[in-house]
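Taking it in order: structure first as structure tokens, then the write-up.
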Amino acid sequence: MIEERSFQFSLDIIKVVKDLKDNNEYIFANQLLRSSTSIGANVAEAGAGQSKKDFVAKMAIASKEARETRYWLRLINEAQLSNLELSEYLNEIDQIIKILTKIVKTSQTNI
């Protein structure tokens with residue numbers, strides 16, 4: 001279920017954020033925390049959507065936030081700002097993006 005998966009991803013990202021803050025990388029930590037937790041928040045809101053269009057809109061926002069999260073993770077990884085191995089997180093965000101893209105495309109077709 002995408003809601004649980006995105007929630008778990010947010011929990012996992014908190015470890016990266018803590019590591020970034022330990023390395024005094026506060027700006028990157030805050031950007032990553034904001035975008036990664038927004039994924040699950042928008043998925044949760046979509047579940048309570050007032051219409052199919054509202055559902056699609058919230059899922060599309062979640063998809064955009066997931067893409068932004070992938071950007072920050074790639075940047076942090078390439079710049080070697082974290083002491084953690086980030087490939088696991090990058091793989092998971094790629095899977096979340098695929099799921100959200102499929103949900104949005106399928107839902108748009110069904111409207």
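The values are calculated or read from the model by the stated rules, or taken from the named source; none is laboratory data. No experiment lies behind these values; they were computed from the predicted model shown. When we count neighbours, we look across all protein chains shown, and the Cβ atoms used for this are built from the backbone with ideal geometry, even at glycine. For the accessible areas, the whole protein counts, side chains as well, though only heavy atoms, and no ligand, DNA or RNA atoms are used. Shrake-Rupley method; radii C 1.70, N 1.55, O 1.52, S 1.80 Å.
Among the listed residues L11, L73, L33, L20, which satisfies the condition of being in contact with a helix residue (DSSP H, G or I) (Cβ under 6 Å, 6 or more places away or on another chain), without any contact (Cβ under 8 Å) to a residue 24 or more places away in the chain, open to solvent by less than 90 Å² (accessible area, probe 1.4 Å) and part of a helix (DSSP H, G or I)?
Answer to the selection: L33.
What do you reckon, is L20 under 13 Å from W72 (Cα atoms) and more than 13 Å from the chain's Cα centre (by Cα)?
yes
Checking the structure you have, find out if any residue of region 74-88 is of a type in the set (K, R) and farther than 15 Å from V16 by Cα.
The answer is no, given that none of the residues of region 74-88 is of a type in the set (K, R) and farther than 15 Å from V16 by Cα.
Could you please find all residues in region 78-111 being of a type in the set (A, V, I, L, M) and either surrounded by 13 or more Cβ atoms within 10 Å (Cβ to Cβ) or touching a Phe, Trp or Tyr at 6+ places or on another chain (Cβ under 6 Å) (or both)?
Answer for region 78-111, where residues must be of a type in the set (A, V, I, L, M) and either surrounded by 13 or more Cβ atoms within 10 Å (Cβ to Cβ) or touching a Phe, Trp or Tyr at 6+ places or on another chain (Cβ under 6 Å) (or both): L81, L84, L86, L90, I93, I96, I97, I99, L100, I103, V104.
Does S6 satisfy being in contact with a Ser or Thr (Cβ under 6 Å, 6 or more places away or on another chain), surrounded by 13 or more Cβ atoms within 10 Å (Cβ to Cβ), assigned to a helix (DSSP H, G or I) and of a type outside the set (D, E, K, R)?
The answer is no for S6.
Within region 45-59, work out how many residues are touching a helix residue (DSSP H, G or I) at 6+ places or on another chain (Cβ under 6 Å) and either buried (at least 18 other Cβ atoms within 10 Å of the Cβ) or over 19 Å from R34 (Cβ atoms) (or both).
The total comes to 6.
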